[in-house]
1. Would you mind giving the three semi-axes, in whole Å and largest first, of the ellipsoid equivalent to the range C:75-127 according to its Cα gyration tensor?
2. Just from its helices, what would the mean residue ellipticity at 222 nm be for chain B, if runs of 4 or more DSSP H residues each count -39500 (n - 2.57) and the sum is divided by every residue, rounded to the nearest 500 deg cm²/dmol?
3. Rounded, prolate or oblate: which fits the range A:213-277, taking a ≥ b ≥ c as square roots of the Cα gyration tensor eigenvalues, rounded meaning a/c under 1.5, else prolate when a/b beats b/c?
4. List the distances, in nm and shortest first, from the label point of residue D:146 to the matching label points in every other copy, placing each point 7 Å from Cα along the Cα-to-Cβ direction.
5. Closest beta-carbon to the C-to-B rotation axis: which chain C residue owns it, and what is the separation in whole Å?
6. When only C-alpha pairs under 8 Å and at least 6 residues apart count, what is the relative contact order of the range C:19-165, in percent?
7. Which pairs break 29 Å Cα to Cα here: C:121/C:292; B:269/D:292; A:292/C:160; A:292/C:292; A:269/D:292; B:121/B:269?
8. Place a +1 charge on the Cβ of each Lys and Arg in the protein assembly as shown and a -1 charge on the Cβ of each Asp and Glu, then give the dipole magnitude about the Cα centre in debye, rounded to the nearest 20.
There are 4 protein chains.
Amino acid sequence: MAVPVRACALIGRFSDPRVGECVCALLPHLKARGVQVLVIEGSELPPPGLDGVVPVPEGEIGQRAGLVIAVGGDGTLLYGARLVARHGVPLLGINRGRLGFLTDILPQDMLGAVDAALDGKLESEQRTLLRATVHAGAASGDPARRTIEALALNDVVLQKAATGRMLDFDVHVNGRYVNTHAGDGIVIATATGSTAYALSCGGPIVEPHLDVVVMAPICPHTLSDRPVVVSARSHVEVRLIERYETSAQVVCDGVVVGDLQPNDLLEVKAAEERITLLHPPGHDYYRLLRSKLQWGRGGRDLSR
Amino acid sequence: MAVPVRACALIGRFSDPRVGECVCALLPHLKARGVQVLVIEGSELPPPGLDGVVPVPEGEIGQRAGLVIAVGGDGTLLYGARLVARHGVPLLGINRGRLGFLTDILPQDMLGAVDAALDGKLESEQRTLLRATVHAGAASGDPARRTIEALALNDVVLQKAATGRMLDFDVHVNGRYVNTHAGDGIVIATATGSTAYALSCGGPIVEPHLDVVVMAPICPHTLSDRPVVVSARSHVEVRLIERYETSAQVVCDGVVVGDLQPNDLLEVKAAEERITLLHPPGHDYYRLLRSKLQWGRGGRDLSR
Amino acid sequence: MAVPVRACALIGRFSDPRVGECVCALLPHLKARGVQVLVIEGSELPPPGLDGVVPVPEGEIGQRAGLVIAVGGDGTLLYGARLVARHGVPLLGINRGRLGFLTDILPQDMLGAVDAALDGKLESEQRTLLRATVHAGAASGDPARRTIEALALNDVVLQKAATGRMLDFDVHVNGRYVNTHAGDGIVIATATGSTAYALSCGGPIVEPHLDVVVMAPICPHTLSDRPVVVSARSHVEVRLIERYETSAQVVCDGVVVGDLQPNDLLEVKAAEERITLLHPPGHDYYRLLRSKLQWGRGGRDLSR
Amino acid sequence: MAVPVRACALIGRFSDPRVGECVCALLPHLKARGVQVLVIEGSELPPPGLDGVVPVPEGEIGQRAGLVIAVGGDGTLLYGARLVARHGVPLLGINRGRLGFLTDILPQDMLGAVDAALDGKLESEQRTLLRATVHAGAASGDPARRTIEALALNDVVLQKAATGRMLDFDVHVNGRYVNTHAGDGIVIATATGSTAYALSCGGPIVEPHLDVVVMAPICPHTLSDRPVVVSARSHVEVRLIERYETSAQVVCDGVVVGDLQPNDLLEVKAAEERITLLHPPGHDYYRLLRSKLQWGRGGRDLSR
């Protein structure tokens, strides 16, 4: 962050009034500081609209912005992370109303945080990304084709699709057979994603700086089939087992990226790229956790 | 409630300032209505103290009171339930600050609720009690002695004691062998108690009027050892298996009632007695659940 | 079963060799007893094929058979249950290799069990069925159309579909608002179905004769969103909340029966019809549970 | 293991016939190889008893043995680990009948494994130990006294004791406040211990070489209070909150090491000492997991 930021991208669902309100306050502030504001082509900004704002194609945000400000929920920041993953551009997340795990700046603290970000005074934190690759036909003996390649900051998920039928699939880690799972699928989550879908599946909370991955089965058929924590340097392979009406899809950070067929191989490993998140000074992960999970608040609420 | 209530017992930890405050408002109100106020012998009331209040031995509350008002948390009402179980006296629960599952009247609604209770205008609800009996030496062939007999509105718990060693024990239901459990113990809960300890052990929430019992193993060693719901008309038997340094205790509604030895039999079944709880009109169990479990409030809080 | 059984339907995936083997032994046995054997039109029997066997349309099995023998896994018996639900025909389940929860007769005990069934000497047990009805547009103010009506012996499931996006939906029980769930869906299971999908979702095991229903959220977003047990006489209503890319389907006993749109109402209640299962004398539910869940076998397997 | 092993300690409950049998086979084998056999003073060996065996005080095993062979269950190896922690002596675990997580050599493979161990041909693996220290009165302002200091290979546990009352306690990690827990206690487990008590408490399985610690609350009162994975380099502090009838004990690897009072501080961090486990070549952690958790075996056992 030694180089001054000349261009900053604003992303979010600008049609959401609370997002729009934040944007209306951010635009003049950024302009007053002489920072060029980029938005994704096709974005409809609240009045006065695109006046003084530069629309750029989605694929160029990573090259042209020195900072990405995501306004909205964690989903917006996850989207921003995919845009900048290959470019090392830092991300700042502003939530519209209450704290998110990733969008941890409240609207009231927004202008100060943006100033600090532009001045290089925020804490920056590296987060691991996963790369999911589907090698179609890899298990059939034919030459495999790479049909899907996608990055995820939270998680790569294999889940049952159209037919709603339970899946059977094998998991290997670093070439070693782990287990054959029967169930709704599996969540392969980074430490960042441990508080997302994986947590709903019974996975643990993982401190975000730890270089580990959680593999959490989704509604597994076998009751002793439990989440497993492995090194983020692991090479995870998932293969679907052919079964009547099997239909499975691969989802990265909540976005369906394609199907997995019984002869395909889904490979998941840490990406070479990493994401840089900016946090306000004094950022406290556990305070965020307590706030999000309502720890303490409900207190001694059962009849014990 | 057709017979007018002439005497009403007040129970609670009167030394707790929030409880004392409620009692100070209740006393003159009850006297003004010509209702005699009973407290348990030895209670220290806030000023003006016992003036006009009749201390009675703990064991006589059930006979002499026509209504028991429990002021405090659910634990206070559980205590009151044991006092009146054999006497059919209704219970009204006033919480000091926020809702409890059992003490579901807030201080601000207290006087109106007491009036309605005295006038027989509250909804009354019957709740099942469990009776726990320990037959010492029952499994040894010698004549068994009944060493423990206690009632529980929430739950009868077998748990590891002094040595902190895991327990091994068998459970039979209606004479049929269910399972041999290894772990920290088992919670045998009424529908009422399903939102107490059993819920912490992974048991389900059970609508309070259902005549079922939840048997929830505590931290079981076998991962497929899961809570089982049986009829409240069942006869549950638990026998400890002799093991190095085994030490187990029986707990009813949070109070240790005695030990269980390897040759003893712990028998749990529905008591003939039932408890009558009074609720304000329009009482809504699900609203209480939502409030206690913070459903909806935290909303979409994970990063999905 | 006082009336002698004249016609018996055989159902199953006859192309599965283990199923075929059972069928090859059953056919001459049934013929020798003078019982007419029905199969569903289009079934391909193993050699000698349909010789002496009467193919009937799927929809007529319930009227023409006095007994249905399901050979295969529990899925085959669930299919049979739908065929006979309206006709009170008893079902006998033969598993191809090991015990199922519903197909609880092993091949080696098959002929004796069939004889006993034909002689009316088996224990018969009534099981509750759920009826799922989708009233399309019920929430829009327009006149609703009944678009789906289906029965389920195990469970009615609302689950996320094509887009893989989490669902938001409201549940009411007997007209009372219970909760707004965010997650992958909900399983509404009979006691019979408590050991199926609901168990994978953290629901309790319920003794099969209990007249209760388990509502188990699937991977809920809110961690305190837990399974709830209600009376099987309850009237459960589920309404989807409109959300970006929402796509939901209704599944009965593992078969997708249709979609649920944001303005639709999914209504689930106990059907008037019930299912009659036949069991060998001395049938022991807990022995079955121990066998299926491997209770006891793994024993003290953790490092404690 | 370059230096030849001259003395080898045998530990176990020799009165267990299956252990005794292994020992009877091991003794002549070790003598034939010229290895001195040490046992703990007071051990009663099966006939021919102590002939040619050297009893040494428990506290000297670590100095005098070049190898410790633990015969029995994982508990025996945990005990051996405490004996040698300060001395770097490798441990070999022989189970009496079936595989343990730590005692992963079966009796039939025992002699070959011992030969390989003596020849330095086994795979050796370093495992992290935790050090638990209780600083009595640390929170009272008075000078604290160190009242407990103990090592654990699996876990340090704070649990409710004599009164059976739920505990309230605070946890800090590296000086940062994490949460106030209400419940039966907390398990602080190494990766090794993740498949022990922590797993019964809903913690994840952690690959044993990962340098992390799992903090798993025991039956927490707040349903969103979930296991947290932190770096094994963390400094964990636990403080009990004063409460009516609070009684808490500290347990290391299943052995009660003392009490924790409300003014005390329980400090847990990685020990400088590490444990060396010996494994047969081709040792496969996931094969062990599958065997212990019966993965795959029960297969598709629910009625789905």
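1. 18, 15, 8
2. -5000 deg cm²/dmol
3. Taking the square roots of the gyration eigenvalues as a ≥ b ≥ c, the range A:213-277 is oblate.
4. The answer, with the shortest distance listed first, is 5.5, 5.5, 7.7 nm.
5. Of all Cβ atoms in chain C, the one nearest the axis gives C:204, 2.
6. 15
7. Too far apart for the 29 Å limit: B:269/D:292; A:292/C:292; B:121/B:269.
8. Roughly 0 debye for the protein assembly as shown.
The values are calculated or read from the model by the stated rules, or taken from the named source; none is laboratory data. What you see is a predicted model, and the numbers here were worked out from it, not measured in a lab. Using ideal geometry, Cβ is built from the backbone for each residue, glycine included, and neighbour counts are taken over all protein chains shown. Surface accessibility is based on the protein's heavy atoms, side chains included, excluding ligands, DNA and RNA. Shrake-Rupley method; radii C 1.70, N 1.55, O 1.52, S 1.80 Å.
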